Amino acid sequence: MTHHLAEFNIARLRAPLDAPETAEFTSVLEAVNQIAEVSPGFVWRLTDDGARSASYVDVYDDPLLIVNYSVWTDLESLRHFTYRSGHASYFRRRREWFEDGSSRLVCWWVPAGEVPSIDEATRRLAHLEEHGPTPHAFTFAAPFAEHD
C-alpha cells in the first residue's frame, strides 16, 4: 500500500463543548476515539496538546465549529468505523448536538506514513467546496481511487 486516506470533517455545535446540552456528546468522545484507534485500518488521529479529542483543537475562529481529522489505510476501513462500529450509534444522533447542514467532510490520498498538516486539511475542504469532488478532494459519496 503506497497511500493512506486522510479525512477531515467539521460541524457546528448547537452549544459549546462545556454546555449541559453537549454533555453526553463530550462524555463519549474518549470512548469513540478508542473505538477508532482499535479499528482495522486506523493509522492516526489529531488530538489537542493534552491528547484529548480533536474537538478541542481550535482550527477556525468559531468556537462552536469543531473538527475531526484522521488517517486510515483505506476508504473501506473508514466507512466501517463510521457506519458499522460503536461510532455509528452516536453518528446517527448527530442532529442532537450539531446544527443541521453544518457538517462537511473531505477525503484525499496521502503517501503512506505521511500526516498532512491542518492547513492542508482546511485547504482540501475549501477546494472540495469550490470545485466539488475531484481526485484532490472528495467525499464518501463521490470517492476516487488512490491511483486516480
Practice prompt. Report, ordered by the first and then the second residue, all pairs with beta carbons closer than 7 Å, sequence separation of six or more or different chains, a first member in region 2-16 that is on the phi < 0 side of the Ramachandran plot and surrounded by fewer than 19 Cβ atoms within 10 Å (Cβ to Cβ), and a second member that is outside any strand (DSSP E or B) and aliphatic (A, V, I, L, M).
Written response: Thr2/Ala112; His3/Ala112; Arg12/Leu64; Pro16/Leu64
Worksheet entry | Odd one out for Gly41, checked against (1) at pLDDT 95 or above; (2) at positive phi; (3) surrounded by fewer than 17 Cβ atoms within 10 Å (Cβ to Cβ) | (3)
Worksheet entry | Evaluation of Ser89 against (1) outside any helix (DSSP H, G or I); (2) among the polar types (S, T, N, Q); (3) farther than 23 Å from His3 by Cα (one fails), failing number | (1)
Worksheet item: Does Ser89 count as of a type in the set (Ser, Thr, Tyr) and without any contact (Cβ under 8 Å) to a residue 12 or more places away in the chain?
Response: yes
Response to the item:
Selection from region 104-148 of residues modelled with pLDDT under 95 and either touching a helix residue (DSSP H, G or I) at 6+ places or on another chain (Cβ under 7 Å) or assigned to a helix (DSSP H, G or I) (or both) yields Phe140, Pro143
Item to complete: Among the numbered conditions (1) assigned to a loop (DSSP other than H, G, I, E, B); (2) acidic (Asp, Glu); (3) under 27 Å from Thr2 (Cα atoms), tell me where Asp61 comes up short.
Response: (3)
Practice prompt. Please find, within region 64-78, the residue that is surrounded by the fewest Cβ atoms within 10 Å (Cβ to Cβ) out of those that are in a helix (DSSP H, G or I) and touching a strand residue (DSSP E or B) at 6+ places or on another chain (Cβ under 9 Å).
Written response: Ser77
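The values are calculated or read from the model by the stated rules, or taken from the named source; none is laboratory data. All figures in this text were calculated on a predicted structure; none of them were measured in a lab. A quick note on method: Cβ atoms are made from the backbone with ideal geometry, for glycine too, and the neighbour counts reach across all protein chains shown.
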